[in-house]
Amino acid sequence: MRDIIKMLVVLTAICAASGFILALVHSVTKEPIEYAMLKNVKEPAVKAVLTGFDNDPVKDRISIDMGKDKKGKDVKLVVFPAKKGGKTFAVAFESSAQGYHGPIGVMVGMDVAKKALSGISIVSHSETPGLGARIIEPDFTDSFKGKSMDEELGVGDISALSGATLSTKGVVGAVNKARGLFDKYQSQMVK
């Protein structure tokens, strides 16, 4: 009986120490991981959809509170403002929609004055290589440039990908979702 109690105490101590170490490592690495994600994934996407700025959009990013998700966690919209002479003329932020194999993350750049797309860049996807994965090609992404954000886009408004209808619809859906977010939060995005 004493052996069992002794074993339980030792195992409890080992588990408690392991849990503490994991929590410590998580708290120490959380910010560097977020920064690496911003620097290596988001920043190239922001620079692909915004041009002509004299600020650092990643450094000047704005976090907008959008409420809570189904699990009660805070939902934030991170907006990257492009400024010229201190005045915001364009913004970029990530939107997503369902593609063929999963969610497609799209960085959407918008010219504030023209209320038009300055460009899109695919941030993440799990689409089929050779078919749906062609959503990252410039021929497809460039077809969004200059499109008005006054009304929803349809698949016929851009150079749709043959054989990848669901992937195309996913990107168009993400852009339309971004349009709705821009309409709703424009006053907070452009200060």
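None of the figures in this text is laboratory data; all of them are computed from the coordinates on show. Model, not experiment: these values are computed from the prediction. Neighbour counts are summed over all protein chains in view; Cβ atoms, including those assigned to glycine, are modelled from backbone coordinates with ideal geometry.
Couple of notes before you dig in:
- When the chain is treated as a Gaussian network with alpha carbon springs shorter than 10 Å, the biggest mean-square fluctuation among Ala23, Ala116, Ala174 belongs to Ala23.
- Two-site label geometry, Val25 and Lys191: point separation in nm, points 7 Å out along Cα→Cβ: 3.7 nm
- Among the listed pairs Lys30/Lys87; Lys145/Lys177; Lys114/Lys191; Lys147/Lys177; Lys87/Lys184; Lys84/Lys177, a Cα-Cα separation exceeding 22 Å is found for Lys30/Lys87; Lys84/Lys177.
- Acute angle (nearest 10 degrees) that the helix 165-189 long axis makes with the longest principal axis of the chain, alpha-carbon atoms: 90 degrees
- Note that the range 127-136 has calculated 3J(HN,Hα) couplings of 6, 5, x, x, 10, x, 5, 5, 5, 8 Hz, one per residue in order, obtained from phi through the Karplus relation 6.51 cos²θ - 1.76 cosθ + 1.60 (θ = phi - 60°); glycine and proline are x.
- Dipole size of the range 45-189 about its Cα centre, with +1 on Lys/Arg Cβ and -1 on Asp/Glu Cβ: approximately 420 debye, rounded to the nearest 20.
- Database remark: amide H of Gly119 closer than 5 angstrom to the amide H of Gly109, Gly146 (H placed geometrically; neighbours at sequence offset of 5 or more, or on other chains; Pro and chain starts carry no H).
- Net charge of Cβ neighbours under 12 Å - reference Gly173; Lys, Arg +1; Asp, Glu -1: +2
- Of Gly99, Gly163, Gly173, the residue with the greatest mean-square motion in the GNM of the chain, using alpha carbon springs below 10 Å, is Gly163.
- Potential extension, Ala16-Asn55 segment - 0.36 nm per residue separation minus Cα distance: 9.4 nm
- Cα gyration tensor shape of the range 53-182, rounded if a/c is under 1.5, else prolate or oblate by comparing a/b with b/c: oblate
- 3J(HN,Hα) along the range 95-101: 10, 8, 8, 6, x, 6, 9 Hz, from the Karplus curve 6.51 cos²θ - 1.76 cosθ + 1.60 with θ = phi - 60°, whole Hz, x for Gly and Pro.
- Residue-wise HN-Hα couplings along the range 15-23, as the Karplus relation 6.51 cos²θ - 1.76 cosθ + 1.60 with θ = phi - 60° gives them from phi, are 5, 5, 5, 5, x, 4, 5, 4, 5 Hz; Gly and Pro carry x.
- Difference of contour (0.36 nm per residue) and Cα-Cα distance, Met7 to Ile33: 5.6 nm
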